[in-house]
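A quick write-up on the structure given underneath.
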Amino acid sequence: MPASALISVQGLCREFHRPRRFDGPFGGLRTLLTRQHEVVRAVRDVSFTIEPGELVGYIGPNGAGKSTTIKMLTGILVPTSGSLEVGGVLPWRDRERNARQIGVVFGQRSQLWWDLPLIESFRLIGKLYDVPTDRLRDTVGHFTELLGMADFLQTPVRQLSLGQRMRGDLAAAMLYGPKILYLDEPTIGLDIVAKERIRDFIADLNADRRTTVILTTHDLGDLERLTSRIMLIDHGMLLYDGSLAALKHRYAPYRELVVQPADLESLQVAGTTRSKIEDGRVWLRVDPDSQQMAEVIGRLMARYGVADLAIVEPDLGGVIRQIYSDQHVDVTAPTAPAASGSSDDPGSWSGPGRSGDRDASGDPDSSGNPDSSGGPDSSGVRSKP
Ligand SMILES: Nc1ncnc2c1ncn2[C@@H]1O[C@H](COP(=O)(O)OP(=O)(O)OP(=O)(O)O)[C@@H](O)[C@H]1O
């Protein structure tokens with residue numbers, strides 16, 4: 001692990017065993033009688049390191065393995081194999097020490113006391129984490145201002161709106177000054193104003209306190225606003241680790257000019273291809289590596305009367321949709337020979353490789369299988385090149 005890394009994950013695997021379900025007329029009965037199990041490889045041979053102060057977007061479609069990874073990082077789940085270290089601690093072995101250095105916010109669940117006023121939850125958390133009274137008061141005051149919580153500090157948590165509760169959860173997770181913040185869908189279900197407030201708060205924490213943030217989200221606005229590094233997981237495998245800009249460039253290596261010309265039909269501009277015509281406007285695709293945008297615009301303006309013109313960045317939503325829909329992987333056994341991936345700089349793409357240390361361990365999670373060790377992944381996988 002690099003000497004400077006705060007989080008180091010090597011060959012991390014996590015499997016779950018679940019009953020095999022049969023379809024068809026007697027499927028239910030067969031499921032019940034056969035009691036066969038299948039192995040779900042929720043996380044397969046994932047490796048990465050995160051430096052102090054990074055703000056990383058951990059993304060992937062539903063069921064990709066994001067929450068399972070976060071649960072291992074927070075010590076809730078024991079890895080089937082591989083190794084992970086967070087601030088010098090093995091999270092699943094030393095959960096208490098790990099808990100002191102991390103804050104966790106799950107968008108769908110609250111960590112606050114449901115029946116207590118929000119401020120009382122804060123006080124309790126301060127006590128649990130031995131925060132000196134003065135410091136707690138200052139921190140609560142500061143967060144109350146930043147997150148606009150003054151109006152509902154005395155309100156029982158069960159009466160808070162989703163946006164208010166989320167602000168409370170975020171503040172609670174940071175009251176004791178953890179160096180790492182795990183955020184699982186922190187803006188889910190919020191209106192645009194509430195989202196912005198939460199994003200600003202996260203950005204400030206990262207900038208002012210150098211809090212390391214690992215953000216799991218399906219909201220592309222969160223990614224655009226907050227993250228420069230993206231780790232993309234699908235079917236349990238880390239497929240991409242690199243900058244957001246490189247990801248866009250790989251999948252949408254073009255810019256678009258949106259033009260409202262006087263004469264729609266005759267518009268032909270050298271160095272561009274038409275990608276769309278809608279509402280009297282034409283979308284012209286330009287490859288910025290081979291064409292100077294200024295020259296293309298110059299050619300366009302010289303020949304045509306143009307009422308309106310805009311330059312459009314590649315749409316991250318389209319990029320991500322394309323990546324997700326390109327994956328063809330079966331997450332469950334049986335297995336087939338592996339294909340290997342390759343890397344790109346600055347972002348790297350990877351397929352499955354060999355897992356790291358075998359480290360089969362006991363498992364507090366009822367759905368896990370203590371006997372299942374990971375080991376080299378031999379699943380049939382087609383991954384991004
Ligand atoms: N306790 C469990 N028992 C059995 N299978 C599980 C368990 N937890 C997760 N899985 C399976 O592991 C895989 C990864 O799930 P995980 O919750 O990590 O995905 P995710 O990327 O967080 O998805 P989402 O975006 O929908 O929250 C899925 O196939 C899921 O069904």
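The values are calculated or read from the model by the stated rules, or taken from the named source; none is laboratory data. What you see is a predicted model, and the numbers here were worked out from it, not measured in a lab. Reconstructed Cβ throughout: ideal geometry from the backbone, glycine too, with neighbour counts over all protein chains shown. With ligands, DNA and RNA removed, areas are computed over all heavy atoms of the protein, side chains included. Shrake-Rupley method; radii C 1.70, N 1.55, O 1.52, S 1.80 Å.
Quick notes on this structure:
- Label-point separation in nm, ARG18 to ARG225, each point 7 Å along Cα→Cβ: 3.2
- Euclidean distance between Cα centres, region 126-181 to region 278-326, Å: 45
- Low-density loop cleavage sites - trypsin sites (Lys or Arg not before Pro) in region 51-147, where at most 16 other Cβ are within 10 Å (DSSP): ARG93, ARG109
- Mean projected area of the convex hull spanned by the Cα atoms of region 253-326, taken over all viewing directions: 5.4 nm².
- For trypsin sites (Lys or Arg not before Pro), the sites in region 209-254 that DSSP calls loop and that have at most 14 other Cβ atoms within 10 Å are ARG209, ARG210.
- The gain in end-to-end length when the HIS218 to HIS142 segment is fully stretched comes to 24.5 nm, 0.36 nm per residue minus the alpha carbon separation.
- Relative to the Cα centre, the charge distribution of region 253-326, modelled as +1 at Lys and Arg Cβ and -1 at Asp and Glu Cβ, gives a dipole magnitude of about 120 debye.
- Loop-located GluC sites (Glu not before Pro) in region 257-330 (DSSP state other than H, G, I, E, B) with a sparse environment of at most 11 neighbouring Cβ atoms within 10 Å: GLU265.
- Remark: for residue pairs LYS248/LYS276; LYS71/LYS248; LYS71/LYS127, the C-alpha separation exceeds 27 Å in LYS71/LYS248.
- Cα-projected label distance for ASP289 with THR31, points at 7 Å along beta-carbon direction, nm: 4.8
- At a probe radius of 1.4 angstrom, the accessible area of region 253-326 per residue rounds to 57 square angstrom.
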